[in-house]
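Values quoted throughout were computed directly from the atomic coordinates according to the rules given, and no laboratory measurement underlies them. Note that this is a predicted model, so its numbers are computed, not measured. Cβ placement follows ideal geometry from the backbone for every residue including glycine, while neighbour counts extend to all protein chains displayed.
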Amino acid sequence: MGNYEEAIIDLTKFIDIEQNSKFALRYRGEAYYLMKRYKEAIIDLTKLLDIEPNNKFALRYLGEAYHLTKEAISALVKLLGIEPSDDIDESL
């Protein structure tokens, strides 16, 4: 867990400088997700989608984070609208 925490600290510093960094939002969101800090992941992934609405990574992990927090419907509906396939993992 230590590496994720360090990554979050570094990525937060980067976001403080460049608030709309797709790179930093993606990887901090992923780190939060992997640490099971789903509400924080949702915040970063939602902001990433504000910048890049069809980002498949963000849509997938946002949907999973919502699911794990029992709020999945809108993220998954959007994902299915973009990638209507059972092979979503293969496209990422």
Inset, instruction - Answer yes or no as to whether residue 13 is part of a helix (DSSP H, G or I), touching a residue at least 24 places away in the same chain (Cβ under 8 Å) and charged (D, E, K, R). - result: no
Inset, instruction - Scan region 34-60 residue by residue and report those that are over 15 Å from residue 11 (Cα atoms), within 10 Å of the chain's Cα centre (by Cα) and not small (Gly, Ala, Ser). - result: 38, 42, 46, 49, 55, 56, 57, 59, 60
Inset, instruction - State which residue pairs qualify: first residue polar (S, T, N, Q) and inside region 39-65, second residue surrounded by fewer than 16 Cβ atoms within 10 Å (Cβ to Cβ) and in a helix (DSSP H, G or I) in any location, beta carbons under 9 Å apart, and separation of 6 or more residues or different chains. - result: 54/82; 55/22
